[in-house]
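For reference, the structure discussed in these notes is given below.
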Amino acid sequence: MTITSWSFPTCTLAEARGVSEALGFRAMDIGLLHGAALDRQKILAEPEAAAGDLDGLTVSNLYWLFGRDIAENAVSDPAARARNTAEFETVCRFARAAGCPTIFVLPGISGPGAFEAAAAGLRDLLAVARRHGVTLTVEPHVGGLLASPADTLRMLDQVPGLKLALDYAHFVCMGFRQAEIDVLAPHAGHVHLRQARPGSLQAKWGEGVLDFTAMIGTLRDAGYRGWLAVEYVHQGYMNTLFDDVLTETVRMRDHLRALGVAA
């Protein structure tokens, strides 16, 4: 079990780490968001030194954005393909030095030729990740290119060996039932967990529709042995501003513990 650094947007990375350790989490997903953000420029200039700055933090996943937002330098932008691939070489050096097993990226957004361009870009990134011994994952998300389980499976067919940063909440928000999402479980390389319901990317524990007991069983049956990241957030994105992140995190942690998931 792990937690995302961007769950605590006003904290520094050191503060977020302190909160996570106080809650009993033994690892953290890290990335380029909010107060707990990594130093992008140092990673790209001195990846091994930047990994050393983590001071022994157990890193469960790295969330890497190629630009400032979902659209800029997107994997689905053919003009950014060579630039992203070159950058990813350095990012993988950082991940390897930090002991990070997986990296997740976003697929980009829809547009003419975007699916084919994203597949080509992801194939390039996958080749880089393999050379460095890191697992590449992509996250289907609300507003993104992979807007259904069927689209996601089609991308996986186009990029053999690609894994998913799987968050059921995004699909539930878009109206898919849990049973329709389960088909993606065998392709999970990293997993995000939070409660959700149709139309709401994030919901309080008692107000969502996801059955986490069933979900963990599905993942186990599919052979998933990776990290389970609790990802409650406080962001303007998808109106996720109205939940007590600490309380919901503890509720999820306790439920996972009851299912035998080690923190």
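Checked against (1) surrounded by 19 or more Cβ atoms within 10 Å (Cβ to Cβ); (2) within 26 Å of E21 (Cα to Cα), Q235 passes all but condition (1). The single condition among (1) over 16 Å from T12 (Cα atoms); (2) in contact with a Pro (Cβ under 9 Å, 6 or more places away or on another chain) that G99 does not meet is (2). Of all residues in segment 201-221, those satisfying the criterion of being in a loop (DSSP other than H, G, I, E, B) and in contact with a Leu (Cβ under 9 Å, 6 or more places away or on another chain) are A203, L210. Going residue by residue through segment 169-189, is there one that turns out to be of a type in the set (A, V, I, L, M), surrounded by fewer than 14 Cβ atoms within 10 Å (Cβ to Cβ) and assigned to a helix (DSSP H, G or I)? Yes - at least one qualifying residue is present in segment 169-189. Here P112, P78 are screened, and the one residue that is free of Cβ contacts under 8 Å to residues at least 12 places away in the same chain and under 24 Å from D157 (Cβ atoms) is P112. Checking each residue in segment 115-134 for being in contact with a Gly (Cβ under 7 Å, 6 or more places away or on another chain) and touching a residue at least 40 places away in the same chain (Cβ under 8 Å) picks out only A118. Taking T152, is it within 26 Å of T10 (Cα to Cα) and assigned to a helix (DSSP H, G or I)? When the stated conditions are applied, T152 does not pass them. Name the single residue that is surrounded by the fewest Cβ atoms within 10 Å (Cβ to Cβ) among those in segment 91-107 being among the aliphatic types (A, V, I, L, M) and more than 9 Å from the chain's Cα centre (by Cα). Of everything passing the filter in segment 91-107, A97 is surrounded by the fewest Cβ atoms within 10 Å (Cβ to Cβ).
Only one entry of L54, L33 meets the criterion of being in a loop (DSSP other than H, G, I, E, B), more than 26 Å from V159 (Cα to Cα) and under 17 Å from the mean Cα position of the chain (by Cα), and that entry is L33.
Residues in segment 193-248 that are touching a residue at least 40 places away in the same chain (Cβ under 8 Å), closer than 17 Å to G31 by Cβ and of a type in the set (S, T, N, Q): Q235 alone. Within segment 57-100, the set of residues being under 18 Å from R17 (Cβ atoms) and not in a helix (DSSP H, G or I) comprises L57, T58, V59, S60, N61, L62, Y63, G99, C100. Within segment 15-25, does at least one residue satisfy the condition of being among the β-branched types (V, I, T) and either in a strand (DSSP E or B) or surrounded by fewer than 21 Cβ atoms within 10 Å (Cβ to Cβ) (or both)? Yes - at least one qualifying residue is present in segment 15-25.
A short reminder: the numbers here are calculations on the coordinates, not readings from a lab. Note that the coordinates shown come from a computational prediction; the quantities given were computed from them, not determined experimentally. Glycine gets a Cβ as well: all are built from the backbone with ideal geometry, and neighbour counts include every protein chain shown.
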